1. Could you pull out the residue among 55, 37, 62 that is within 21 Å of residue 179 (Cβ to Cβ), surrounded by fewer than 17 Cβ atoms within 10 Å (Cβ to Cβ) and among the charged types (D, E, K, R)?
2. Since residue 79 meets every condition but one in (1) surrounded by fewer than 16 Cβ atoms within 10 Å (Cβ to Cβ); (2) within 19 Å of the chain's Cα centre (by Cα), which condition does it not meet?
3. Within 18 Å of residue 212 (Cα to Cα) and in contact with a strand residue (DSSP E or B) (Cβ under 9 Å, 6 or more places away or on another chain): does that describe residue 108?
4. For residue 197, which of the numbered conditions (1) outside any helix (DSSP H, G or I); (2) farther than 12 Å from residue 11 by Cβ fails to hold?
5. Only one of these conditions is not met by residue 194: (1) over 23 Å from residue 55 (Cβ atoms); (2) touching a Cys at 6+ places or on another chain (Cβ under 8 Å). Which number is it?
6. Is it the case that residue 201 is closer than 15 Å to residue 156 by Cβ and either in the same structural domain as residue 116 (by TED's automatic domain parsing) or out of contact with any helix residue (DSSP H, G or I) (no Cβ under 7 Å at 6 or more places or on another chain) (or both)?
7. Would you confirm, using the coordinates I've provided, whether residue 33 is over 23 Å from residue 198 (Cα atoms), at pLDDT 95 or above and basic (Lys, Arg)?
Amino acid sequence: MPAAIQAVTFDVGGTLIEPWPSVGHIYAEVAERFGVRGASPERLTGQFLAAWTVRCDFDYSRSAWLALVEHSFAGIAEPLPTGCFEAIYDRFAEPDAWRMFPDVLPALDGLARRGVRRAAISNWDERLEPLLDRLGLRRHFECVVASWSVRCPKPHPGIFQHALKQLNLPAEAVLHIGDSRREDFEGARAVGCSARLLRRGEMTKAGEQIGSLSELLALV
């Protein structure tokens with residue numbers, strides 16, 4: 001780890017926040033308003049995760065999300081009731097559809113006290129920045145870079161390079177934190193940034209993983 005880390009950049013989903021109580025619970029809650037009764041949140045979550053795992057060239061557009069939601073409802077509601085997808089899409093823009101991890105604010109505040117700059121780099125769409133604002137997180141970040149606005153999702157180097165340009169810092173002065181080995185750890189390393197893979201609750205590996213954002217303060 002270089003001695004002069006001047007900024008820490010964060011992934012958002014799975015690193016700072018997560019759907020709450022789950023993707024499936026939100027899907028089921030909204031679908032019930034459209035006449036879909038008794039949909040299992042566990043089944044919906046499982047089918048969402050299966051579709052998410054095999055996604056290809058996902059560009060975070062509404063059409064891409066529609067296809068993912070339709071896969072999640074396969075065998076449950078085919079076709080989706082009119083207006084259901086739009087309501088689901090809007091529901092995930094609401095702050096109470098998300099839970100902030102308890103180690104987030106202490107870490108961000110600790111970095112701020114040390115004068116370390118913070119930014120967010122996320123594969124997300126136009127809902128990201130308003131959502132972070134409503135969650136009280138936007139004020140902690142100097143800039144927020146979402147893949148939809150720069151037209152290149154992580155691990156593409158372009159999204160990291162855009163953030164570096166916004167921060168006006170060389171890659172070696174930036175540490176990136178995220179929960180995806182390919183998108184966050186490998187993507188950041190490929191452009192010359194330092195990186196740590198966040199694995200909450202797991203045994204950490206020196207030089208690669210951290211088990212909590214509380215460990216960040218020892219790295220800067």
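The values are calculated or read from the model by the stated rules, or taken from the named source; none is laboratory data. Remember, it's a predicted structure, so these values are computed and weren't measured experimentally. Heads up, the Cβs are rebuilt from the backbone with ideal geometry, glycines too, and the neighbour counts pull from every protein chain shown.
1. Working: 37 fails: within 21 Å of residue 179 (Cβ to Cβ); 62 fails: within 21 Å of residue 179 (Cβ to Cβ).
Every option except 55 fails the conditions.
2. Status for residue 79: all satisfied but (2).
3. Numbers: within 18 Å of residue 212 (Cα to Cα): yes; in contact with a strand residue (DSSP E or B) (Cβ under 9 Å, 6 or more places away or on another chain): yes.
Yes; evaluated as a whole, the condition is true for this residue.
4. Every condition holds for residue 197 apart from (2).
5. (2)
6. Numbers: closer than 15 Å to residue 156 by Cβ: no; either in the same structural domain as residue 116 (by TED's automatic domain parsing) or out of contact with any helix residue (DSSP H, G or I) (no Cβ under 7 Å at 6 or more places or on another chain) (or both): yes.
No, not satisfied.
7. Values: over 23 Å from residue 198 (Cα atoms): yes; at pLDDT 95 or above: yes; basic (Lys, Arg): yes.
Yes; evaluated as a whole, the condition is true for this residue.
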